[in-house]
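The values are calculated or read from the model by the stated rules, or taken from the named source; none is laboratory data. None of these values were measured; they are calculated from a predicted model. So basically every Cβ, Gly included, is an ideal-geometry build from the backbone, and we count neighbours across all protein chains shown.
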Amino acid sequence: MINLRSNKTVRVAQADWDDWRWQQRHSITDLQELQRRLTMPVATVAEIEKVNTRYPFSVSPYYLSLARQPSLTDPILRQCLPAAGELQSFPGESADPFAELKKSPVPGLIRRYRDRALLTTNGLCPVLCRHCFRKRGWKYHLTDAAHPANLERIITYLNKTPEIREVLVSGGEPLMLEDEILARLLSRLRRVPSIEVIRIATRLPATLPQRITPELVRMIATYGPIWIVAHFNHPLELTDAGIQACNQIVEAGIPMVSQTVLLQSVNDNEAVLRQLFTRLLSMRIKPYYLFHCDPATGTMHFRVTPERGRKLIRKLRATTSGLAIPTYAADRLDAPSKIPLG
Ligand SMILES: *Cc1c(COP(=O)(O)O)cnc(C)c1O
Ligand code: SF4
């Protein structure tokens, strides 16, 4: 079986490939391994090496296999391989663009909006997305809410703050927690009387759909109402495995929406976005937000102008179902909510 559709192929047993722990163990995190899988121009290798000292890279064999071209212009590789642009910084950018570190009343909980709070639970993203606005924290403070002592403080805070009625379980990657640890977190949240809705934000349906096991889905469904927010940026991410993972979730009665980040040379294209959003809709997943790429340091090469984003949305409106159109929005420091740009 050929698993890597790049020009160097690796043969792996199907059972291993379908096992998320195998995928995690075989995450590609060093340049030598990457070069074994992918033939790249020397210039690209040097670029990756340099950026890697500041921002590490990690990619699951599964996600790497979605790439079509061994080049940084491939929409999959562009999202997961370091690029020189990450070492540049521009006015208006910041390592912590939304001052999350200051808006954390207890470790692991970020509160920027009145009625909802966000928990950072786990830094183990199987794919480190180059556009991530939390890339500053990959190595450290994304894991806080999973620590038992912190969880106690978070639950105490939520019990004392009844205006918070929704908790977003985020990361990093919350679904990389072991089932029991996630179950403990969800059951503790469920017992806070003022918490009406739990939202789990995950990129795994795109980057490691093997993790969405029947046991995990069953467990999550017991703590409903829970909404799952996936993060899909390109139709190449909607594979059979990804579709099957989402199907399981939806069939278990867990509603799903999806967020997309508008990324230059990845998805800033009418046909690509239309395909992504209409396919999501067929999967019973409502496209929720199209985010303007956040002003995190080292992400300028991904940003397009708001005018371009608006134009893309206008074109989509003229050609497809309103249900398939997400809200184009930006996140702004100190705003009371996400800001629609449409
Ligand atoms: C984006 C975000 C939310 C959720 O905002 P919605 O508009 O409800 O999706 C909540 N808390 C934080 C800290 C966020 O960044
Ligand atoms: S999965 Fe989310 S938190 Fe993790 S690197 Fe990607 S965008 Fe960042």
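Anything in region 71-109 that is within 19 Å of the chain's Cα centre (by Cα), closer than 23 Å to Arg303 by Cβ and within 11 Å of ligand 1 (Cβ to nearest atom)? List them, or say none. Scanning region 71-109 gives Pro97, Phe98, Glu100. From the list Ala99, Ala146, the lone residue that is more than 13 Å from ligand 2 (Cβ to nearest atom) and modelled with pLDDT of 85 or more is Ala99. Only one of the numbered conditions (1) over 23 Å from the mean Cα position of the chain (by Cα); (2) surrounded by 19 or more Cβ atoms within 10 Å (Cβ to Cβ) is violated by Arg114, and that is (2). Only a single item in (1) within 16 Å of ligand 2 (Cβ to nearest atom); (2) under 18 Å from Thr120 (Cβ atoms) is not met by Ile198, and it is number (1).
Of the residues examined, Val257 is one that is surrounded by fewer than 18 Cβ atoms within 10 Å (Cβ to Cβ), β-branched (Val, Ile, Thr) and closer than 21 Å to Tyr113 by Cβ. Annotation: Arg203 fulfils all but one of (1) closer than 16 Å to Leu151 by Cα; (2) touching a residue at least 40 places away in the same chain (Cβ under 8 Å); (3) within 16 Å of ligand 1 (Cβ to nearest atom); the unmet one is (1). Among the residues of region 62-73, those that are over 17 Å from Leu263 (Cβ atoms) and surrounded by fewer than 23 Cβ atoms within 10 Å (Cβ to Cβ) comprise Ser65, Pro70. Restricting attention to region 206-234 and to residues that are β-branched (Val, Ile, Thr) and part of a helix (DSSP H, G or I), the residue that is surrounded by the fewest Cβ atoms within 10 Å (Cβ to Cβ) turns out to be Val217.
Against the test of being outside any loop (DSSP other than H, G, I, E, B), modelled with pLDDT of 95 or more and over 29 Å from Glu178 (Cβ atoms), the options Arg36, Arg78 yield a single qualifying residue, Arg78. Evaluation of Glu49 against the conditions (1) in a loop (DSSP other than H, G, I, E, B); (2) without any contact (Cβ under 8 Å) to a residue 24 or more places away in the chain shows that the sole unmet condition is (1). Just to check your reading of the model, which residue among Ile155, Ile181 is at pLDDT 95 or above and either part of a helix (DSSP H, G or I) or over 23 Å from Arg114 (Cβ atoms) (or both)? Just a single option satisfies the conditions, and that option is Ile155.
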